[in-house]
1. Within the stretch 274-288, can one find any residue that is open to solvent by 20 Å² or more (accessible area, probe 1.4 Å) and farther than 28 Å from Gly244 by Cβ?
2. Tally the residues that are hydrophobic (A, V, I, L, M, F, W, C) and within 20 Å of Gly51 (Cα to Cα), restricting the search to the stretch 129-157.
3. Testing Asn267 on (1) touching a residue at least 40 places away in the same chain (Cβ under 8 Å); (2) under 26 Å from Pro203 (Cα atoms); (3) exposed (fewer than 15 other Cβ atoms within 10 Å of the Cβ), one condition comes back false. Which one is that?
4. Counting only residues that are touching an Asp or Glu at 6+ places or on another chain (Cβ under 9 Å) and over 13 Å from Leu163 (Cβ atoms), which one in the stretch 175-194 is surrounded by the fewest Cβ atoms within 10 Å (Cβ to Cβ)?
5. Taking the stretch 142-159, which residues are open to solvent by 40 Å² or more (accessible area, probe 1.4 Å) and either without any contact (Cβ under 8 Å) to a residue 12 or more places away in the chain or not in a helix (DSSP H, G or I) (or both)?
6. Out of the residues in the stretch 89-118 that are open to solvent by 40 Å² or more (accessible area, probe 1.4 Å) and small (Gly, Ala, Ser), which is nearest to Ile43 (Cα to Cα)?
7. I'd like to know if the stretch 327-341 contains one or more residues that are modelled with pLDDT of 90 or more, among the aromatic types (Phe, Trp, Tyr) and open to solvent by 70 Å² or more (accessible area, probe 1.4 Å).
8. In the stretch 210-256, which residues are open to solvent by less than 40 Å² (accessible area, probe 1.4 Å), at pLDDT 90 or above and not aliphatic (A, V, I, L, M)?
Amino acid sequence: MKIELEPSLRSWTEAQLLDAEQAEKIRAFEAGQAPQRRARWPIVVAVVFGGVMLAAGVLLFVSAHWEELSPFERMAMLVAAVAGFHTAGAFSSERFRALGITMHAVGTISLGGAIALAGQIFNMQEHWPNAILLWTLGAIAGWLLLRDWPQLALAAILAPFYLTGEWIEAVSNGGAATRVASAGILLLAICYLSARTVNRDDPVRTALGWIGGLALLPAVLAVALSSFAFRRSQPLGWGLEVAGWAGAVLIPLAVAYAMRRTAAWMNAVAAIWVIVLSWLANQSLETAVYAWCAIGAAAMIGWGIYEFRTERINLGMAGFALTLAFFFFSSVMDKLGRSASLISLGTVFLAGGWYWEKLRRRLVARARSGGEL
């Protein structure tokens, strides 16, 4: 039997079964037990795409009329765009939380374009990391004021972008500097990915996990291929080498400790793996690179099983499969005839893919069930 709360409370109060104070306590209790209303995913998708299209439309309008505007009009339009998005977010936050978060995020994103265009208007001295720094500070300020996860996600992307830019600009040897930076980005992606644990999972950690998951495999590829891209670059000096690797290792580990505390020792093990991978790639030890990537993928799978995180299992399985595919195309296929290589590749994809997917599903089910098969 379904009971409507308010009519029942009124009738019970009129029948003197409850007094006004008791009825108010029941209302307060039921209000606290009621689940919070959350926007459904079609609404969230609509809001996100609407915000992106709105920002793109504003930028296209500004670029189309840029030459026709005076410097004062350009600056006024940029300030009005940033302030307008944040004002719209402030007015809509109470009525529609998802729309408010989106408008504030679009405002912070448009801040980056405003900073870059303002530098163009006033012919500021060219040092592009300074623009990224101002954009990063804007995202951090947005997080401190709003506590919305998109603000922290933007800061998490922009801060390493700024540090990487300053490092590359400070070091004249771009190839060696990029090798160190790519290793640091890879370790930071692993630390972001590990922010989500069984007992600690919230929108901020989820956003960091997504950023780390999306950046992980491209970052591994960048480190593994660094020897081919920068083979002729000169090595860094001893002092710069130590400073660069200290930042590439210690900054991500500090982020991992802030998010995971004592469990950050696993991230320290990942740091050792990243350093060895970068050294193997720098020495052009191709077979050793493939073997080390396979070990890293297996370790990622084991890490996901240990902490019951299915996304790490999926990424580890994908990384292992990609390692085998790259090894086949680069080291095996050219040693076989055309027909033999195609037959072998087809057999590996059919039989191996079937078994690999079966194993992946078993491991994911084990992680979701808390380790019980």
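The values are calculated or read from the model by the stated rules, or taken from the named source; none is laboratory data. Just so you know, these numbers come straight off a predicted model, no measurement behind them. Counting neighbours? That spans all protein chains shown, and the Cβs are built from the backbone with ideal geometry, glycine included. Side chains are part of the model used for accessible areas, which takes the heavy atoms of the whole protein and leaves out ligands, DNA and RNA. Shrake-Rupley method; radii C 1.70, N 1.55, O 1.52, S 1.80 Å.
1. no
2. Of the residues in the stretch 129-157, the ones hydrophobic (A, V, I, L, M, F, W, C) are 131-135, 137, 139-141, 143-146, 149, 152-157.
Remaining after also requiring within 20 Å of Gly51 (Cα to Cα): 135, 139, 143, 146, 149, 152-155, 157.
Count: 10.
3. (3)
4. The qualifying residue surrounded by the fewest Cβ atoms within 10 Å (Cβ to Cβ) is Ala176.
5. So the first thing to find is which residues in the stretch 142-159 are open to solvent by 40 Å² or more (accessible area, probe 1.4 Å), and the list is 143-147, 149, 152, 157.
Leu144, Leu145, Arg147, listed by residue number.
6. Of all residues in the stretch 89-118, those open to solvent by 40 Å² or more (accessible area, probe 1.4 Å) come to 90-91, 94-97, 99, 109, 111, 116-117.
Within this subset, residues satisfying the condition of being small (Gly, Ala, Ser) are 90, 116.
Numbers: Ala90: 19, Ala116: 32 Å.
Checking each candidate, the answer is Ala90.
7. No, the stretch 327-341 contains no residue that is modelled with pLDDT of 90 or more, among the aromatic types (Phe, Trp, Tyr) and open to solvent by 70 Å² or more (accessible area, probe 1.4 Å).
8. Gly212, Gly213, Gly244, Gly247, Pro252
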